[in-house]
Amino acid sequence: MLILALETATESVGVAIGTSDGPMASVEVARGRRHTETLVPAVEFVCRQADVALAEVTSVAVDIGPGLFTGMRVGIATAKAFAMALDVPIAPVSSLDVLACGVGDTDRVVVPVVDTRKGEVAWSMVRMVHGRIEQLMEPVIGPVEDLVADMMARDQPSVCVGDGAARYRDEITAGVNCEVAGPVHPSPVALLAAAVAMATDEAVCAPHLVEPMYLRAPDATINWATRQVRP
């Protein structure tokens, strides 16, 4: 098992390569929104650092969002291209699950929260058990008040992670038994860990089945739908 992990759902580009024994090499490049120019050279870099050939990769992992629309599309398109060229499957992982994997095993409910702007966040609720994700609540998007209401309804000790948790720390922790800790952004190493679990469980899929997880329509779609046609 040799997995190539592509993390492009944030402002940065991250790539990791490794096996069930852990990462062999990883890199994160913060160059603004230059995902297209940065991703392939980053892949070449980690392969050199790990002293492996791209042809040895047995599956490709990619963050399918929610996150930056352009970054997600670049990552998914590149993952599909690599997977089809190498004739290997893809492990599609949501950015929420990547954040949860960055926490590690804990008795608390893990609530990954992504800041989707426009006054909204995306979140889910999971448990981390021996490096695997047990989904307690499917990903949703909405105002932070809805997130707090969901956490109050579950009423269990929890840990919130992600840039949405960091931004709305005061609102989240005011009314629930929750700590804000752990990773702020999804990392390629955490993506690799999630993908290893998926590959072990044979939960990978063919490239053509991979789709981005938007949870909300792109701005261009929203603007077109609400645009008034003038005579």
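The values are calculated or read from the model by the stated rules, or taken from the named source; none is laboratory data. All values derive from a computational prediction rather than experimental measurement. Note that each Cβ is placed from the backbone with ideal geometry, even for glycine, and that neighbours are counted across all protein chains shown.
Scan the range 141-169 for residues that are among the β-branched types (Val, Ile, Thr) and either touching a helix residue (DSSP H, G or I) at 6+ places or on another chain (Cβ under 8 Å) or under 16 Å from Arg117 (Cβ atoms) (or both) and jot them down. If the condition is that a residue be among the β-branched types (Val, Ile, Thr) and either touching a helix residue (DSSP H, G or I) at 6+ places or on another chain (Cβ under 8 Å) or under 16 Å from Arg117 (Cβ atoms) (or both), then Ile141, Val144, Val148, Val161 are the ones that fit.
Filtered by the rule that a residue be assigned to a helix (DSSP H, G or I) and either among the polar types (S, T, N, Q) or surrounded by 23 or more Cβ atoms within 10 Å (Cβ to Cβ) (or both), the range 152-167 gives Gly164, Ala165. Looking across Pro92, Pro112, Pro66, one residue alone is buried (at least 22 other Cβ atoms within 10 Å of the Cβ) and touching a Gly at 6+ places or on another chain (Cβ under 6 Å). It is Pro112. Just one of Asp146, Asp107 is over 19 Å from the mean Cα position of the chain (by Cα), free of Cβ contacts under 8 Å to residues at least 24 places away in the same chain and either assigned by TED's automatic domain parsing to the domain that holds Thr8 or not in a strand (DSSP E or B) (or both); which is it? Selected residue: Asp146, the only one of Asp146, Asp107 that is over 19 Å from the mean Cα position of the chain (by Cα), free of Cβ contacts under 8 Å to residues at least 24 places away in the same chain and either assigned by TED's automatic domain parsing to the domain that holds Thr8 or not in a strand (DSSP E or B) (or both). Would you be able to say whether some residue in the range 67-86 is free of Cβ contacts under 8 Å to residues at least 24 places away in the same chain, assigned to a loop (DSSP other than H, G, I, E, B) and more than 27 Å from His130 (Cα to Cα)? No, there is no match, as no residue in the range 67-86 is free of Cβ contacts under 8 Å to residues at least 24 places away in the same chain, assigned to a loop (DSSP other than H, G, I, E, B) and more than 27 Å from His130 (Cα to Cα). Looking only at residues that are at pLDDT 95 or above and in contact with a Pro (Cβ under 7 Å, 6 or more places away or on another chain) in the range 37-65, which one is nearest to Ala16 (Cα to Cα)? Ranking the qualifying residues of the range 37-65, first place goes to Val62. Selection over the range 104-134 of residues that are among the β-branched types (Val, Ile, Thr) and modelled with pLDDT under 90 gives a count of 2.
Residue by residue, here is whether (1) touching an Asp or Glu at 6+ places or on another chain (Cβ under 7 Å); (2) within 28 Å of Ile172 (Cβ to Cβ) holds:
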position: Thr78; (1), (2): no, no
position: Ala85; (1), (2): no, no
position: Leu99; (1), (2): no, yes
position: Gly104; (1), (2): no, yes
position: Ser124; (1), (2): yes, yes
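Of the conditions (1) in a helix (DSSP H, G or I); (2) touching a helix residue (DSSP H, G or I) at 6+ places or on another chain (Cβ under 8 Å), Ala195 fails just one. Which one is it? Of the numbered conditions (1) in a helix (DSSP H, G or I); (2) touching a helix residue (DSSP H, G or I) at 6+ places or on another chain (Cβ under 8 Å), the odd one out for Ala195 is (2).
For the range 132-143, the tally of residues that are under 20 Å from Arg108 (Cβ atoms) and free of Cβ contacts under 8 Å to residues at least 24 places away in the same chain stands at 4.
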